[in-house]
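The values are calculated or read from the model by the stated rules, or taken from the named source; none is laboratory data. Please read all numbers here as calculations on a predicted model, not as lab measurements. We place every Cβ from the backbone using ideal geometry, glycine too, and count neighbours over all the protein chains shown. Areas reflect the complete protein model, heavy atoms only, side chains present, ligands, DNA and RNA absent. Shrake-Rupley method; radii C 1.70, N 1.55, O 1.52, S 1.80 Å.
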There are 2 protein chains.
Amino acid sequence: MNIESIKRPSLVIDTLKVNGNIQKFIKKAKVNKVLFRPHFKTHQSERIGELFRKQGIDKIAVSSISMAKVFVKNAWSDITIAFPFNIREVRELKQLTKFVRINTLISAPEQIVVLKNISQFQTGFFIKIDTGMHRTGFEPFQIKEIEEILTIGKMNKKLIFKGFLSHFGHTYQAQNKEQVELIYKSSVSELQKLKKKFEKQYPTIIITIGDTPSCSILKDLKGTDEIRPGNFVYYDLMQMKLGSCTENEIAAIVACPVIDKNLNRNELLIYGGAVHLSKEYIIDSQGNKSFGSIVELNETGWSKSVRGTFLKSISQEHGIVQCNPEFLSKINVGDLIGILPVHSCLTAHLLKENTLFINT
Amino acid sequence: MNIESIKRPSLVIDTLKVNGNIQKFIKKAKVNKVLFRPHFKTHQSERIGELFRKQGIDKIAVSSISMAKVFVKNAWSDITIAFPFNIREVRELKQLTKFVRINTLISAPEQIVVLKNISQFQTGFFIKIDTGMHRTGFEPFQIKEIEEILTIGKMNKKLIFKGFLSHFGHTYQAQNKEQVELIYKSSVSELQKLKKKFEKQYPTIIITIGDTPSCSILKDLKGTDEIRPGNFVYYDLMQMKLGSCTENEIAAIVACPVIDKNLNRNELLIYGGAVHLSKEYIIDSQGNKSFGSIVELNETGWSKSVRGTFLKSISQEHGIVQCNPEFLSKINVGDLIGILPVHSCLTAHLLKENTLFINT
């Protein structure tokens, strides 16, 4: 199977670029002496998992118990489920802890109570700390609440407190690198204070943080013990806009058939819409609302993004590409074009069953 | 399997409501003497297909050749693929026309040329007309271009010109019912002129139109011959906002586990995010950006939407529900709540493998 044989919207993964992105993070983690536990929610792919394994990675993060099950089947045996424990899946979690090393995440006392009651096999738990994203977790000053969790945890010897987990997701709203740095530094400083407070009692606890923008942009990851980025494996336009990557590091595109051309409006209609790309958009450097940049496909992959050309709107299965006239004149009905995705996590999820790997 | 056994974000379909929505359209089509060819892209479900069949429907529309294949397997034998012909799938189309009655859609001369060259079995084709949505299709004044298509079509006797197909998708941007009516009337009038021009030569041609807002809101569907709405089968908040349906007609919700509660911010964290609901949002009547309204689940289905309570943000797997304090106090970690979706087509697509039918 090669790109030219694609008939329907398909994710094309350049494994050379993926390997480059993995290497970059392995090196960065080594220089900074932090543990690298990649988050597999972006790719959710057995095959991409193997690329990590070949480079020596043996600890991963996932975002659901279902996803953990998939990777346990693929012989991953040290998994942090970086999503607060869903107590409705207690049986599924119990089953997993029988066979592999699982770390759970606690954001509420009800979760640790259930965990305490069911754990028969060693199970790690992190406490989720909210350093400003305000999605979930205890705020760093909620010492009493954190102690309550630890007290309940201690009632079952199989439960091992692993430390504090945070996701600086508010970096995705940052306007520039400086803002990302500020968020990182203030967040890590809060986590450090917590760690100091509890490490006398729990000397092995760590700080684990997660977001791709921080982990990509910061050279110095001082103050953290483990990083769990996920999005970096493919990167995307949103990450590029934040300054996390160059366009050349974006490792995934969606190849889409051209259905028709409108010469009056300088538009291409493509087979490729919200069910393939998701409805995420960015405001691009020209101020356009863009659902993706456009690349030309070639034998080894794809070109740089075509200037003045972007995916301007999408419906369920259709996309409309606004084109510069020169590009438009080169493209024929039935050709394939490539879309650099806005948010590769969602796009890769949507096209999980429809993925082509190149440069393997 | 019942609602209470749900562990992960799941689509819950109330088949009583679905049957009601189907009946309403069958009746409307009958009164208006138009053919009813429901679009199956919203549900993509064999089981929902059976509900249509039980009510006497035997002609359907789909939005891709892949989707046509699914329903051919389920013994549907009269299918309009209401998406312009993707010439990269010529082999797949050819295969389909061997066994069942297929209507294709033409929006460019290149498509009819391919169709002419490959058609060995009778195949219908519609010409796509753009009455103002500006996504794809010929504009009603492009008579020369339309004649060019027909001339090529005539070269293969297996190709049968069926008429003009349009989708008034710009009704989705309408601000009220009056605007929907205006769009409908001006669009149909354009299509009527075209039909008159060509029906001497092609006496059996029809006008087929597609959007749920028009077909729901207009009492009088004068001027059209066939309707192909899809979204009406489940409806959703977007349709409700347009005036296409009442809340009680929304036939699908997403049941989501409650992960934790934040009493300071009056929020619930739920397991349920962009990979379950899509990133579509509306501005609700209070001016909030809302990714869904909230309902309480009960034995027979779900309650009315809870006032002052809505899904205020989503990431890949997380959702944050802004709550009125009274509702918040009733909900516990581990409970399930229901989300009325913003756009049921995308939500149903995302949860295809994770659907529960109730009131069957």
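Using a loss threshold of 10 Å², tell me which positions in region A:314-330 are less accessible in the complex than in their chain alone. Probe radius 1.4 Å, ligands and nucleic acids ignored.
Buried by the other chains: A:Ser315, A:Gln316, A:Glu317, A:His318, A:Ile320.
Ranked by accessible surface with a 1.4 Å probe, highest first, in what order do B:Arg91, B:Arg265 come?
Largest accessible area first, the residues go B:Arg91, B:Arg265.
Which of the lysines could be linked to A:Lys94 by a straight reach, that is with a Cα gap under 17 Å, when you skip same-chain ones fewer than 8 residues away?
A:Lys69, A:Lys73, A:Lys116, A:Lys157, A:Lys158, B:Lys7
With chain A treated as a Gaussian network of Cα nodes joined by springs under 10 Å, which of A:Thr224, A:Thr246, A:Thr347 yields the largest mean-square fluctuation?
So, out of A:Thr224, A:Thr246, A:Thr347, the one fluctuating most is A:Thr246.
How many Cβ atoms of partner chains, on average, are near each residue of B:5-14 if near means within 10 Å of its Cβ?
What the average comes to for B:5-14 is 2.
With every protein chain kept in the model, how would you rank A:Trp76, B:Trp302 by accessible area, 1.4 Å probe, largest at the top?
Final ranking, largest accessible area leading: B:Trp302, A:Trp76.
If the viscosity is 1.002 mPa s and the temperature 20 °C, what translational diffusion coefficient in µm²/s does Stokes-Einstein give for region B:182-223 when Rh comes from Kirkwood over Cα pairs?
192 µm²/s
Counting only other chains, what is the mean number of Cβ atoms within 10 angstrom of the Cβ of each residue in peptide B:268-280?
4
Taking only C-alpha pairs under 8 Å that are 6+ residues apart, what is the relative contact order of region A:218-292 in percent?
18 percent
Could you compute how much accessible area chains A and B hide from each other, both sides summed, with a 1.4 Å probe? Nearest 100 Å² is fine.
Roughly 4700 Å² of accessible surface disappears when A and B pair.
Carbon-plus-sulfur fraction of the accessible area of region A:243-360, 1.4 Å probe, in percent?
That share works out to 44 percent.
Report the label-to-label distance for A:Gln95 and B:Thr355 in nanometres (one decimal), using points 7 Å from each Cα along the Cα→Cβ vector.
2.4 nm
Two decimals is fine: what's Rg over Rh for region B:118-217, C-alpha atoms, Kirkwood radius as Rh?
Dividing the radius of gyration by the Kirkwood radius yields 1.02.
With springs only between Cα atoms under 10 Å, which of B:Gln55, B:Gln44, B:Gln286 fluctuates most in a Gaussian network model of chain B?
Result: B:Gln286 has the largest fluctuation of those listed.
For region A:123-147, state which residues have at least 30 Å² less accessible area in the presence of all protein chains than in their chain by itself, taking the probe as 1.4 Å and leaving out ligands, DNA and RNA.
A:His134, A:Arg135, A:Thr136
Any idea what the alpha-carbon Rg over 2.2 N^0.38 Å comes to for region A:212-339?
Its radius of gyration relative to the 2.2 N^0.38 Å reference: 1.17.
Which of the residue pairs B:Lys196/B:Lys241; B:Lys222/B:Lys352; A:Lys261/A:Lys352; B:Lys185/B:Lys241 have a Cα-Cα distance greater than 24 Å in the structure shown?
B:Lys196/B:Lys241; B:Lys222/B:Lys352; A:Lys261/A:Lys352
Relative to the other copies, what are the label-point distances for A:Lys30, with labels 7 Å from Cα along the C-beta vector, expressed in nm at one decimal and sorted shortest first?
7.5
Find the chain A residue whose Cβ sits closest to the rotation axis that carries A onto B, and give that distance in whole Å.
A:Lys279, 2
Taking every pair of alpha-carbon atoms in region B:200-275, what share in percent sits in each 5 Å bin, from 0 to the bin with the longest distance?
The calculated distribution, bin by bin, is 3, 12, 16, 13, 12, 12, 8, 7, 6, 4, 3, 2, 1, 1, 0.
As an exercise, identify the GluC sites (Glu not before Pro) in region B:271-322 lying in DSSP coil whose Cβ has no more than 13 other Cβ atoms within 10 Å.
B:Glu299
Express in whole angstrom the spacing between the alpha-carbon centres of region B:219-268 and region A:243-299.
Cα centroid of region B:219-268 versus Cα centroid of region A:243-299: 29 Å apart.
Give the Kirkwood hydrodynamic radius (Å, one decimal) of the protein assembly as shown, defined as one over the mean of 1/r across all pairs of different Cα atoms.
Roughly 27.0 Å, rounded to one decimal.
Over 25 Å apart: what share of the alpha carbon pairs of region B:36-163 falls there, rounded to a whole percent?
26 percent
With a probe of 1.4 Å, find how much accessible area the protein assembly as shown has per residue, and write the answer as a whole number in Å².
Per residue, the protein assembly as shown has 40 Å² of solvent-accessible surface.
When Lys and Arg each count +1 and Asp and Glu each count -1, what net charge do the other residues less than 13 Å away from A:Met155, Cβ to Cβ, add up to?
Residues near A:Met155 contribute +3 overall.
Tell me the volume per residue, in Å³, of the convex hull enclosing the alpha carbons of region B:97-155.
Convex hull volume per residue, Cα atoms: 77 Å³.
Rounded to a whole number, what % of the accessible area of region A:1-77 do carbon and sulfur atoms account for, probe 1.4 Å?
With neighbouring chains kept in place, the figure for region A:1-77 is 55 percent.
Return an integer: the convex hull volume of the alpha-carbon atoms of region B:144-301, in Å³ per residue.
Dividing the Cα hull volume of region B:144-301 by its residues yields 180 Å³.
What does the average come to when, for each residue of peptide B:290-302, you count the partner chain Cβ atoms lying within 10 Å of its Cβ?
The shielding value for this peptide is 0.
How large is the accessible surface of A:Glu110 in square angstrom, using a 1.4 angstrom probe and rounding to the nearest 10?
80 Å²
Can you tell me which of A:208-216, A:26-34, A:160-168 comes out highest on packing, and rank the rest after it, using the mean Cβ neighbours within 10 Å?
By packing density, highest mean first, the sequence is A:208-216, A:160-168, A:26-34.
With just the Cα atoms of chain A, tell me how far they stretch along each of the three principal axes, in Å, largest first.
Computed over the Cα atoms, the extents are 70, 41, 35 Å.
Summing +1 for each Lys or Arg and -1 for each Asp or Glu, what net charge is found among the other residues whose Cβ lies under 11 Å from the Cβ of B:Gly334?
Cβ neighbours under 11 Å give a net charge of -1.
How many percent of the alpha carbon pairs in region A:313-360 exceed a separation of 11 Å?
Cα-Cα pairs in region A:313-360 separated by more than 11 Å: 80 percent.
Tell me, what % of the accessible area of region A:82-199 is carbon and sulfur with a 1.4 angstrom probe?
50 percent
Quick one: work out the % antiparallel among DSSP beta bridges in the protein assembly as shown, nearest 5.
Taking every DSSP beta bridge with both residues in the protein assembly as shown, the antiparallel ones total about 50 percent.
Within chain B, what percent of beta bridges assigned by DSSP are antiparallel, to the nearest 5?
Here the antiparallel bridges make up roughly 50 percent for chain B.
May I ask for the net charge around B:His276, where only other residues with Cβ less than 10 Å from the Cβ of B:His276 are counted and Lys, Arg are +1 while Asp, Glu are -1?
So the surrounding residues net to 0.
Please compute the Kirkwood hydrodynamic radius over region B:273-338, one decimal place, Å, based on all pairs of different Cα atoms.
12.5 Å
What does the C-alpha gyration tensor say about the overall shape of region B:1-76? Classify as rounded when a/c is under 1.5, otherwise prolate if a/b is larger than b/c, or oblate.
Oblate, because a/c is 1.5 or more while a/b does not exceed b/c.
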